[in-house]
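A.B. asks: Here it is, the structure, as structure tokens.
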Amino acid sequence: LHSPVAKLQANIKKRNRSYEQNIPDEYLFNIQETYTHYIKQHNIKTLFVDTSNADFLGNEKHLQVILKALEKEYEDGQHYLTLP
């Protein structure tokens with residue numbers, strides 16, 4: 001699951017866990033970049049799901065789209081899914 005850092009920070013604020021509140025944007029960005037680089041470097045079969053518009057609590061369709069995508073067979077490499 002991939003979200004922009006701004007959305008990650010909004011989710012952190014919503015959860016309101018004290019130990020998460022001061023996580024810098026740069027740290028979150030670097031984690032994403034490191035994972036992406038590793039996956040691409042090793043040609044790992046991966047489905048990146050853009051969750052920029054995801055609302056898993058309010059829109060059941062988003063979860064269903066992901067579940068359906070996970071049932072498919074994929075070739076090695078990176079594959080991308082954007083939620084409707």
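A.B. asks: Could you calculate the contour length gain from GLU26 to LYS68, that is, 0.36 nm times the residue separation minus the distance between their Cα atoms, to one decimal place in nm? If you can, show how the numbers build up before the last one.
C.D. replies: Working: separation 42, 0.36 × 42 = 15.12 nm, distance 3.29 nm.
Extra length from GLU26 to LYS68 when fully extended: 11.8 nm.
A.B. asks: Still on this structure, please answer the following. For ASN43 and HIS79 in one chain, what is 0.36 nm times their gap in residues minus the Cα-Cα distance, to one decimal in nm?
C.D. replies: Values: separation 36, 0.36 × 36 = 12.96 nm, distance 1.11 nm.
Going from the current span to full extension adds 11.9 nm.
A.B. asks: Scan the chain for GluC sites (Glu not before Pro) in coil per DSSP, keeping those whose Cβ has at most 13 other Cβ atoms within 10 Å, and list them by number.
C.D. replies: GLU71, GLU73, GLU75
A.B. asks: Further question: With charges only on Cβ, +1 for K and R and -1 for D and E, what is the dipole size of the chain about its Cα centre, in debye, rounded to 20? Mind dumping the intermediate values first?
C.D. replies: On the way: 10 positive and 11 negative charges, 61 e Å.
In debye, rounded to 20, the chain gives about 300.
A.B. asks: Taking semi-axes √(5λ) of the Cα gyration tensor in Å as the quantity of interest, determine which of (i) 18, 15, 12; (ii) 20, 15, 13; (iii) 25, 20, 8 was computed from the displayed structure.
C.D. replies: Structure-derived value, by its label: (iii).
A.B. asks: Sequence gap of 8 or more, or different chains, plus Cα separation below 26 Å: how many lysine pairs satisfy both in the chain?
C.D. replies: Summing the qualifying lysine pairs gives 12.
Computed from the coordinates by the stated procedures, all read-outs in this text should not be read as laboratory data. Please read all numbers here as calculations on a predicted model, not as lab measurements. Every residue, glycine among them, receives a Cβ derived from its backbone with ideal geometry; neighbour counts consider all protein chains shown.
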